[in-house]
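Contents: one structure, followed by commentary.
The values are calculated or read from the model by the stated rules, or taken from the named source; none is laboratory data. Not measured: the values here are computed from a predicted model. Heads up, the Cβs are rebuilt from the backbone with ideal geometry, glycines too, and the neighbour counts pull from every protein chain shown.
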Amino acid sequence: MTITETNKKILDFNYQLAAQDEAFPTLQVLANDGSVVDEAALERTGLTDDQLVELMKHMLFSRELDIRSTKLAKQGRFGFFAPTAGQEASQMASAFAFNDEDWLFPGYRDIPEIIMKGWPVWKAILWSRGHVQGNVMTTDDGKDVHSWFPQIIIGAQYVEAAGVALGLKKRQKDAVAYAYTGDGGTSQGDFYEAMNFAAAYQANAVFIAQNNGFAISTPRDFQTAAKHLAAKGWAAGIPSVVVDGNDAIAVYLAAKEARQWAASGNGPVLIETLTDRLEPHSTAGDDPLRYRTKDDIDAWWQKDPLLRMRHFLTQRGIWNEELETAYIAEVNAHIDDQIKRADGVEKQKISDFLKNTLEVPSQVMQEQIAIFESEGK
Ligand SMILES: Cc1ncc(C[n+]2csc(CCOP(=O)(O)OP(=O)(O)O)c2C)c(N)n1
Ligand SMILES: [Mg+2]
């Protein structure tokens, strides 16, 4: 007698592990040299040449902000900053697929995505310095920016996004909540709870897990035995995709289709972007060479998402060095202007800081506020 094929497969644990690779192949549209590996997928994005250039500019802006922020932080002029170099496709190309009406739930590394929504750079600088004015989510024209503040508590923004996504669903809005976390974030309880909740209510959420291989110094394999972070979405019953996170076109396509799916009332989607953080974890002091090799970092620089996009657009005849140099100069002049603006804002008093911590200050805080105010601080 032989066991049935179905039962054999059920009990074949090696098969189960191997089957996960087949279930989660990597979405890719551009090869590393910028050539198109799937023309039909490129067409499916619906991106015009103007939009492709706009996306390239967003990615370049992000890289320049990263370079300047890192230098300014070393001079003590920018506060906390989490470097973004290497993640421009994962961040900017995904964010590019959402509308102003959609609600962004960023992590601390997702400052550029908020700026893409119209949050001025000077406010981002004040936020990095812990200034209360950096917590005002409006444009310079006074319009609301549909974004929450960069979340420091790993994974917590997923729970917040699930709640807002349910609200959008109940109000029948053509809008979604889109949330970012890292590979480390997918090991948190909040990550699972949020996806489970959002899926149970078929809420309008798009969850993006940026797998950059490390949670500070902890490699991804030490954090979870899951072969694909995307598999965690299947456990919640939601469509989940793995994308080449350094391929801006593939990331955009996945995000655009996920948004369409979620906004149409079909429930959430999880997108895992495979990418790399080319620089230290933050400006607060981190030496990547204590937990990864220079060869590994150098190899990822060869897969820089900007190189790939630059080659692609140049081959298409819509981008060149001259345009890039001019745009970079423009961005840096803007950043200079925004730093001056942030520096010109009146310093926050210690008493103001305490007043802004809790809606109703505790007895002890009230006493502290009175003491600092009496000293003019
Ligand atoms: C709940 C919680 N635990 C621990 C930390 C400390 N911490 C800050 S960043 C970080 C790593 C997060 O890694 P990942 O989610 O992969 O994001 P990445 O920094 O790589 O973008 C940790 C553990 C925190 N901020 N919040
Ligand atoms: Mg990470």
### Query
Would you pick out the residues in the range 80-94 that are part of a loop (DSSP other than H, G, I, E, B), among the aliphatic types (A, V, I, L, M) and in contact with a helix residue (DSSP H, G or I) (Cβ under 7 Å, 6 or more places away or on another chain)?
ALA85
### Query
Counting only residues that are loosely packed, with under 14 Cβ neighbours inside 10 Å and among the aromatic types (Phe, Trp, Tyr), how many does the range 212-234 have?
1
### Query
Looking only at the range 198-221, which residues are near ligand 2 (Cβ under 10 Å from one of its atoms) and not hydrophobic (A, V, I, L, M, F, W, C)?
GLN210, ASN211, ASN212, GLY213, THR218, PRO219, ARG220
### Summary
Per the list (1) out of contact with any strand residue (DSSP E or B) (no Cβ under 9 Å at 6 or more places or on another chain); (2) closer than 22 Å to LEU229 by Cα, residue check on THR2 breaks on (2)
### Task
Taking only the range 128-158 into account, find how many residues are assigned to a helix (DSSP H, G or I), surrounded by 19 or more Cβ atoms within 10 Å (Cβ to Cβ) and either of a type in the set (Gly, Ala, Ser) or in contact (Cβ under 8 Å) with a residue 60 or more places away in the chain (or both).
3
### Task
Report, by residue number, each residue of the range 286-315 that is over 30 Å from ASP50 (Cα atoms) and in a helix (DSSP H, G or I).
PRO288, LEU289, ARG290, LYS294, ASP295, ASP296, ILE297, ASP298, ALA299
### Query
Being in a loop (DSSP other than H, G, I, E, B), among the aliphatic types (A, V, I, L, M), out of contact with any Asp or Glu (no Cβ under 6 Å at 6 or more places or on another chain) and modelled with pLDDT of 95 or more, is that true of even one residue in the range 338-347?
yes
### Query
What pairs can you find where one residue is in the range 356-377 and not assigned by TED's automatic domain parsing to the domain that holds TRP127 and of a type in the set (D, E, K, R), the other is outside any loop (DSSP other than H, G, I, E, B) and at pLDDT below 95, and their Cβ atoms are less than 6 Å apart, with a gap of 6+ or different chains?
GLU373/SER351; LYS377/ILE350
### Task
With respect to VAL269, determine if the residue is farther than 19 Å from ALA31 by Cα and β-branched (Val, Ile, Thr).
yes
### Query
From the residues in the range 235-262 that are within 16 Å of ligand 1 (Cβ to nearest atom) and of a type outside the set (A, V, I, L, M, F, W, C), which one is surrounded by the most Cβ atoms within 10 Å (Cβ to Cβ)?
GLY245
## Note on the structure
THR224: passes all of (1) in contact with a strand residue (DSSP E or B) (Cβ under 9 Å, 6 or more places away or on another chain); (2) hydroxyl-bearing (Ser, Thr, Tyr); (3) within 15 Å of ligand 2 (Cβ to nearest atom) but (1)
### Message
I'm checking my understanding of the structure. Among residues of the range 191-245 that are touching a Leu at 6+ places or on another chain (Cβ under 7 Å) and among the polar types (S, T, N, Q), which one is nearest to LYS169 (Cα to Cα)?
### Response
ASN204
### Query
Can you pull out the residues in the range 176-195 that are under 14 Å from ALA162 (Cα atoms) and either within 15 Å of ligand 2 (Cβ to nearest atom) or surrounded by 21 or more Cβ atoms within 10 Å (Cβ to Cβ) (or both)?
VAL176, ALA177, TYR178, ALA179, TYR180, THR181, PHE191, ALA194, MET195
